[in-house]
Amino acid sequence: MSQSLLQPLKTRVTFVITALIALSMTLSGCIENDEQATTAELLTPSSLEKRDFKQPTQPVILEITGKITQFNDQQTLRLDREQLLSFKQFDVKTTTPWTDKLTHFKGPLLRDVLAATGSSGRYVFAKAVNEYAVKIPISDAEKFSVILAIEQDGKPLSIRNKGPIWLIYPWSGSEKLKQDKFYARSIWHLVSMRIHD
């Protein structure tokens, strides 16, 4: 085959290789940017700051112990509703196995509360007022927008409707969350959390 016939072929091959390299670099950049965006979403400013907590002035609705550095009662952090409201509040609209329709829940992100306590463990041992208890990987709070719901459809959660705190996962936002293990971790009547490895 003559050089004159090979030249256009070489040009086309070079163009295809160049295009493939450019596409690879673009995709690589997109993946990196997606990872950065996810990290930025997870590590919001409130997630990076520990807090000094004062003594609660209202009835205590949550006690946190274990591998934390922030306390307001010896080796325990005791929080009332107002203290939970002092965190940025997040809305989760989701269906649940226990409600009849799309329900609007509101409360602080679990990861924000854990960060504010100086938590350094890998698991939360969560306990309800009726002694129901469940072990929750802290990675759940890092991967998903899990909230400590204190409101349902604009009204404070009461003991009668699974309050005053109900751990809610954003089930409607992720098919992977619609599993028994995540439903079992959605503890209601939550009264204490112990952080451990």
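The values are calculated or read from the model by the stated rules, or taken from the named source; none is laboratory data. A quick note: this is a predicted structure, and the numbers were derived from the prediction, not measured. Here the Cβ is made from the backbone with ideal geometry for all residues, glycine too, and neighbour counts use every protein chain on show.
What are the residues in the stretch 78-95 that are among the hydroxyl-bearing types (Ser, Thr, Tyr) and within 24 Å of residue 66 (Cβ to Cβ), if any?
Scanning the stretch 78-95 gives a single hit, 86.
Note on the stretch 139-197: residues that are in a loop (DSSP other than H, G, I, E, B), crowded, with 18+ Cβ neighbours inside 10 Å and within 12 Å of the chain's Cα centre (by Cα) total 4.
Residue 98 fails exactly one of the following numbered conditions: (1) in a loop (DSSP other than H, G, I, E, B); (2) touching a strand residue (DSSP E or B) at 6+ places or on another chain (Cβ under 7 Å); (3) among the aromatic types (Phe, Trp, Tyr). What is the number of that condition? All conditions pass for residue 98, except number (2). Regarding the stretch 23-44, can at least one residue be identified that is among the hydroxyl-bearing types (Ser, Thr, Tyr), surrounded by 13 or more Cβ atoms within 10 Å (Cβ to Cβ) and at pLDDT below 50? Looking through the stretch 23-44, at least one residue is among the hydroxyl-bearing types (Ser, Thr, Tyr), surrounded by 13 or more Cβ atoms within 10 Å (Cβ to Cβ) and at pLDDT below 50.
Quick check, is residue 127 closer than 18 Å to residue 77 by Cα and of a type in the set (Lys, Arg)? Taking the combined requirement at face value, the residue satisfies it. Applying the criterion of being aliphatic (A, V, I, L, M) and either under 13 Å from the mean Cα position of the chain (by Cα) or surrounded by fewer than 21 Cβ atoms within 10 Å (Cβ to Cβ) (or both) to the residues of the stretch 62-100, the residue that is farthest from residue 182 (Cα to Cα) is 85.
The requirement of being at pLDDT 95 or above, among the basic types (Lys, Arg) and over 12 Å from residue 92 (Cβ atoms) is satisfied by residue 181. Of all residues in the stretch 77-95, those satisfying the criterion of being in a loop (DSSP other than H, G, I, E, B) and not β-branched (Val, Ile, Thr) are 86, 87, 88. Remark: pairs (first residue in the stretch 103-120, more than 17 Å from residue 149 (Cα to Cα); second residue among the basic types (Lys, Arg) and modelled with pLDDT of 95 or more; Cβ separation under 8 Å; 6+ apart in sequence or on different chains) = 119/67; 120/67. For the stretch 101-138, what are the residues that are of a type in the set (D, E, K, R) and either outside any strand (DSSP E or B) or surrounded by fewer than 19 Cβ atoms within 10 Å (Cβ to Cβ) (or both)? Passing the criteria: 101, 111, 112, 122, 127, 131, 135.
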